[in-house]
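Worksheet: one structure, shown below.
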Amino acid sequence: MFLQSLFAKPVFQYGERVNQIQRGAITRTDGYVVAQTANGVMVEWPRGGSSWVQASELSAISV
């Protein structure tokens, strides 16, 4: 079970706040998850509109 979790794609809930991380650096901040499919996650960014992002590039913001 633990080994499977290492290869599972992260799952994000509608409205969850996220940051985009590429190569270890935060590239976009404070986005809101709009939808998630097998192809990626649709995120609405406060600046720059919305975009499809790979789930592996996102980190949830914990409050």
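Read-outs: derived from the displayed coordinates by stated rules, not from any lab. Being a predicted model, the structure only gives us computed values, none of them experimental. All Cβ positions, glycine included, derive from the backbone under ideal geometry; neighbour counts span all protein chains shown.
If you take every residue apart from MET42 with its C-beta less than 15 Å away from the C-beta of MET42, what net charge results, scoring Lys and Arg +1 and Asp and Glu -1?
Surrounding charge for MET42 is 0.
Note down the nm distance, to one decimal, between modelled labels 7 Å out along Cα→Cβ at ALA35 and at TYR14.
According to this spin-label approximation, the distance is 1.1 nm.
At ILE26 and SER50, where each label point lies 7 Å from the Cα along Cα→Cβ, what is the point-to-point distance in nanometres?
Roughly 2.3 nm, to one decimal.
Return the label of the correct value of log10 I(q)/I(0) by the Debye sum over Cα atoms at q = 0.14, 0.15, 0.24, 0.26 Å⁻¹, as calculated from the structure shown, out of (i) -0.45, -0.51, -1.01, -1.11; (ii) -0.38, -0.43, -1.01, -1.14; (iii) -0.71, -0.76, -1.01, -1.05.
(ii)
Short version: ³J(HN,Hα) in whole Hz for each residue of segment 21-26, in order, from phi by Karplus 6.51 cos²θ - 1.76 cosθ + 1.60 (θ = phi - 60°), x for Gly and Pro, what are they?
10, 10, 6, x, 10, 6
Is there a quick way to get the dipole size of segment 9-63? I mean about its Cα centre, with the Cβ of Lys and Arg at +1 and of Asp and Glu at -1; what is the value in debye to the nearest 20?
120
Order of 44-50, 28-34 by packing, highest average Cβ count within 10 Å first?
Those peptides, ordered most packed to least, come out 28-34, 44-50.
Residue by residue, what Karplus-based ³J(HN,Hα) values in Hz, rounded to whole numbers, does segment 34-44 have, using 6.51, -1.76 and 1.60 with θ = phi - 60° and x for Gly and Pro?
9, 7, 9, 10, 5, 8, x, 10, 8, 10, 9
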